[in-house]
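K.L.:
Structure incoming, see below.
Since every read-out is calculated from the coordinates, none of them should be taken as a lab result. Remember, predicted model here, so these are calculated numbers, not experimental data. Because the Cβ atoms are built from the backbone with ideal geometry, glycine has one as well, and the counts that use them run over all protein chains shown.
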Amino acid sequence: MFGRMKKEGTEEREMTFLEHLEELRWHLIRIFIAVVSGAVIAFMFKDIIFDHIILAPNSPGFITNRLLCQFADLVNVPALCINQKSIELISIKMSGQFTTHINISLVAGIIIAFPYIFWEFWSFFKPALYEKERKYARGAVLSASLLFLTGITFGYFIIIPLSINFLGNYSVSDVVTNQININSYIGSVTSVALASGITFELPIVVFFLARIGVITPEFMKKYRKHAIVLILVLGAIITPPDVFSQILVSLPLLILYEVSIFIAARVIRDRKLADEARDAEYAGK
């Protein structure tokens, strides 16, 4: 299936389908243990997870809110001063807060264990790759982990405060009062953070897609304008009505797209050079 080899004494043989499944099962078991371990740690540190992380962007004292207000005073743009009044959160179910505690602990467990999760999947697929492919993908675990954590950080410190300000204060009528459920708030925070982390994996995804010939730099350049419009629209939706906030959100995503084009071009070039070297070797024989 994946061309994995299994040693038997001094000989190697290709693993059967059932042996692949058994190998995958043990990888999944170790991933499950890592996630649960991370979740248990997060569950034990409830005050830090909720008061200092999850609920912090809702506070006027949060670093992003303070810096934006200082910048707003400097450039005389009041719209930049956000979240100066904390949104009141409610829980409407008897077990709501306990269930929320468990759910957030699981999400935190996934984030904490992400480098190990990626490493386990990499360990499973690595034996199926050729030596040259392993060389190209060397450092993939570290790169993917750093990009994911960078995306989480960007989402947490930039997108989430802007989203709280926009969604928490949006009103269709003055007679409608927002009473936001804690589950709704936390669901928005975690989904934005995870989505941002996954989005920052774009260069890694493009690298592997370019390696197998699914995507090319020409394709990405062709649809660059569409990508820019989509990113700008997304930035405009979740930010206050000013150009600075929109640029603040959109610029890193645009940079990621351009970096991905460069990566795709580099992969295609290296693959062509490898093909030419192989053809020259065959011609010499």
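K.L.:
Hey, what's the per residue convex hull volume over the C-alpha atoms of segment 34-154, in cubic angstrom?
P.N.:
Spread over its residues, the Cα hull of segment 34-154 gives 145 Å³ apiece.
K.L.:
Which order do the peptides 261-273, 140-152 come out in when sorted by mean C-beta neighbours inside 10 angstrom, highest first?
P.N.:
Answer by packing, highest mean first, reads 140-152, 261-273.
K.L.:
How far apart, in nm, are the 7 Å Cα→Cβ label points at Ser123 and Val75?
P.N.:
4.8 nm
K.L.:
Only Lys, Arg, Asp and Glu count, each charged at its Cβ (+1, +1, -1, -1), so figure out the dipole size of segment 13-200 about its Cα centre, rounded to 20 debye.
P.N.:
With only Lys, Arg, Asp and Glu charged at Cβ, the dipole is about 300 debye.
K.L.:
Just going by the charge dipole of segment 88-222, with Lys and Arg at +1 and Asp and Glu at -1 on Cβ, which of Ile186, Thr216, Ser163 is farthest out on the positive end?
P.N.:
Thr216
K.L.:
How far apart, in nanometres, would the label points at Glu258 and His226 be if each is projected 7 angstrom from Cα along the Cα-to-Cβ direction?
P.N.:
Each label point is offset 7 Å from its Cα along the Cβ direction, giving 2.2 nm.
K.L.:
Given Ser173, Ala113, Ala79, which one lies farthest toward the positive end of the charge dipole of segment 13-200, if we put +1 on the Cβ of every Lys and Arg and -1 on the Cβ of every Asp and Glu?
P.N.:
Toward the positive end, the furthest listed residue is Ala113.
K.L.:
I've got another one for you. Set the Förster radius R0 to 25 Å, insert the Cβ-Cβ distance between Ile198 and Ala236 as r into 1/(1 + (r/R0)^6), and round the FRET efficiency to 0.05.
P.N.:
0.75
K.L.:
Further, regarding this structure: What ranking, highest mean first, results for peptides 253-259, 174-180 when packing means the other Cβ atoms within 10 Å averaged over each residue?
P.N.:
Final packing ranking: 253-259, 174-180.
K.L.:
How large is ³J(HN,Hα), in whole Hz, for each residue of segment 211-224 in order, when computed from phi with the Karplus curve 6.51 cos²θ - 1.76 cosθ + 1.60 and θ = phi - 60°, using x for Gly and Pro?
P.N.:
With coefficients 6.51, -1.76 and 1.60, one gets 4, 9, x, 7, 10, 10, x, 4, 5, 5, 5, 4, 9, 4 Hz.
K.L.:
Can you tell me the FRET efficiency between Ser91 and Leu28 if r is taken as the Cβ-Cβ distance and R0 is 41 Å, rounded to the nearest 0.05?
P.N.:
That pair, Ser91 with Leu28, gives E of 0.75.
K.L.:
Also, I was wondering about something else. With label points built 7 Å along Cα→Cβ from the Cα atoms of Phe43 and Val175, find their separation and express it in nm.
P.N.:
Roughly 4.7 nm, to one decimal.
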